[in-house]
Amino acid sequence: MTQDTMRLGAFFYATGHHVAGWRHPSSEADGGISLDRYVGWAKRAEAAKFDLIFLEDGTGIRDADLRSSERTARSTHFEPVTLLSALSAVTSRIGLVATTSTSFNEPFNVARRFASLDHLSGGRAGWNLVTSATDLEAANFGNDTIARHADRYERAEEFVDVVLGLWNTWDDDAVVIDKASGQFSKPDGFRPLDHHGKHFEVRGPLNLSRTPQGQPVLVQAGSSGPGKDLAARTAEIVFTANQTLDEAVAFARDLKGRMARFGRRPDDLKVMPGLFPVVGRTESEARDKFEELQALIDPVVGLALLSRMVGHDLSGFDPDGAVPELPATEGLKSRQQLMFDLARREGLTLRALYLRIAGARGHSQIVGTPAQIVDEMEARFRAGGADGFNIMPPTLPGGLDDFIELVMPELRRRGLFRTEYEGRTLRSHLGSRPPSGYGPGRTPAA
């Protein structure tokens, strides 16, 4: 795929991205806990030539408010690397990206887990690096509150260096498997890492040889200053949320402008914002589809979703009143600010704001015909605000089928997306290189 064409991810979120999507007839409501459902969705996405499947994750239930949790399908879903390992056996070309937090894991386990997925899939694995952001997650690991934002990113910086180092403790040609001589691997083909840092002491080497891609693709989702620095240094994909074209262009320029400090070129990082499309053959059909979903939103669920996005319990506020002035949290800083900016810009009440984000959660939302959706995608792509998009179907499989059947032909008609896979690995789909100092044939950076 050339730099003139988009990269597309299929973001599978349990039963669909709309908070009430599980209630809709086009959704398979048991999808979050059904391997058969995921197999079907994955095969659809691969047949459509998506670059990758993207799975999010958290280390705890979404919401302490059980009244809300009992009314959503998002309170139960598979651990993503386990799920993608199963999907690797029923797909052959599509990339497989899973989210794993640096806050409540250890580098050796994460390095081994994703190296295993890369081997199992023949070179299609990607790790979406995140830091955990809620007290609910912290409480599952013996902590009352989540660590400060700066401390989480300090740990993440060291964490990713250890993981990258472990992936590179094996040379490309270390495994020889010579039965006649009795030598399985070269004596100098792998080495300890001997990492000694503030947060981690890791001897290594990894107990798994170099993977088909050299190392799995690194994906990052942070949009704060520290998050952008980490992405500029290490990421090959950045998943982000931008509301306007100007915001998208400014974000991409800022992020890619940081890469030269780390010896990297801009094309080695693909900015892929989330996109929530509701598509109809006519604009009125698309609007009807969207309003049908909106009518299914339980107010308790809508307000709880907004509370998570801003990091404050909003249940005591008048839902038809203005969005209150609230202090910054140690949680989802960039998403919190996006919510406040959106409310101020459009003069939204709390109720109007949760209705506004019920599908896209702050990502771009387009309701319209295939041509209208592609017009906005192309505008952002041509302006340099996106290298592609992570598609967030409102329901699964209905919303995914709509995008494949209606939007993809228009993308291809305009020459914006592939008709066939050109390579077999995720990195070959992206056309990127591993971050400087790491990768096939190299030893870990100092």
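The values are calculated or read from the model by the stated rules, or taken from the named source; none is laboratory data. Because the structure is predicted, anything quoted here is derived from the model rather than measured. Cβ: placed from backbone, ideal geometry, glycine included. Neighbour counts: every protein chain shown. Just the protein is used for accessible areas: all its heavy atoms, side chains included, with ligands, DNA and RNA removed. Shrake-Rupley method; radii C 1.70, N 1.55, O 1.52, S 1.80 Å.
For region 1-47, what is the per residue volume of the convex hull drawn over the alpha-carbon atoms, in cubic angstrom?
95 Å³
Assign unit charges at the C-beta atoms only (+1 for Lys and Arg, -1 for Asp and Glu), then state the dipole size of region 186-319 relative to its Cα centre in Debye, rounded to the nearest 20.
Numbers: 18 positive and 18 negative charges, 222 e Å.
Once rounded to the nearest 20, the dipole reads 1060 debye.
Projecting the Cα positions of Phe200, Ser224, His149 onto the charge dipole of region 140-255 (unit charges on Cβ atoms of Lys, Arg, Asp and Glu, taken about the Cα centre) puts Phe200 furthest along the positive direction. Figure note: Asp188, Asp229 ranked by solvent-accessible area, largest first, 1.4 Å probe, ligands and nucleic acids not counted: Asp188, Asp229. Annotation for Asp188 and Asn105: the two label points, set 7 Å from Cα along the Cα-Cβ direction, are 3.4 nm apart. Counting every alpha-carbon pair across region 385-432, the share separated by more than 14 Å comes to 63%. Looking at the chain, the DSSP beta bridges with both ends there are about 20 percent antiparallel. The C-alpha atoms of region 293-422 occupy a region whose extents along the principal axes are 52, 32, 25 Å, arranged from largest to smallest.
For region 353-392, a Kirkwood hydrodynamic radius built from all Cα pairs, placed in the Stokes-Einstein relation at 4 °C and 1.567 mPa s, yields a translational diffusion coefficient of 116 µm²/s. Counted by Cβ distance under 10 Å from Arg351, the other residues give a net charge of -1, where Lys and Arg count +1 and Asp and Glu count -1.
The charge dipole of region 263-362, taken about its Cα centre with unit charges on the Cβ atoms of Lys, Arg (+1), Asp and Glu (-1) only, comes to about 480 debye.
Treating each Cα of region 102-169 as an identical point scatterer and summing with the Debye formula, the log10 of I(q)/I(0) at q = 0.17, 0.21, 0.28 Å⁻¹ comes to -0.66, -0.88, -1.19. Accessible area per residue (1.4 Å probe, heavy atoms of protein chains only) ranks Lys289, Lys228, Lys198 as Lys198, Lys289, Lys228, with the largest value leading. Look at where the Cα atoms of region 143-197 and of region 257-276 average out, and the two centres are 24 Å apart. Available extension along the chain between Leu35 and Lys198 is 54.7 nm, counting 0.36 nm per residue and deducting the alpha carbon span. Using heavy atoms of the protein chains and a probe of 1.4 Å, the accessible area assigned to His149 is about 20 Å². Put +1 on the Cβ of every Lys and Arg and -1 on every Asp and Glu Cβ in the chain; which of Leu411, Ala322, Phe12 then has its Cα farthest towards the positive end of the dipole? The residue sitting most towards the positive pole is Leu411. Measuring nothing but protein heavy atoms, the accessible surface of the chain at 1.4 Å probe radius is 51 percent carbon and sulfur. Number of Lys-Lys pairs in region 193-338 with C-alpha atoms under 29 Å apart and a separation of 8 or more places or on different chains: 9. Principal axis analysis of the Cα atoms in region 290-332 yields extents of 35, 22, 15 Å, listed in decreasing size.
Relative contact order of region 219-289, taken over Cα pairs closer than 8 Å and 6 or more residues apart, is 30 percent.
Here is the size of the chain from its Cα atoms: Rg then Dmax, 21.6, 78 Å. Computed on region 336-446, with alpha-carbon pairs under 8 angstrom and 6+ residues apart, the relative contact order is 15 percent.
Once Lys and Arg get +1 and Asp and Glu get -1 on their Cβ, which of Gly359, Ala89, His312 lies farthest toward the positive end of the dipole of the chain? Most positive-ward Cα: Ala89. Dividing the mean sequence gap of close Cα pairs (under 8 Å, 6+ apart) by how many residues the chain holds gives a relative contact order of 25 percent. Sort out for me the Cα centre separation of region 74-94 from region 339-396, rounded to whole Å. A separation of 27 Å, based on Cα centres. Compactness of region 8-161 is given as radius of gyration and Dmax, 16.2, 46 Å, from Cα positions.
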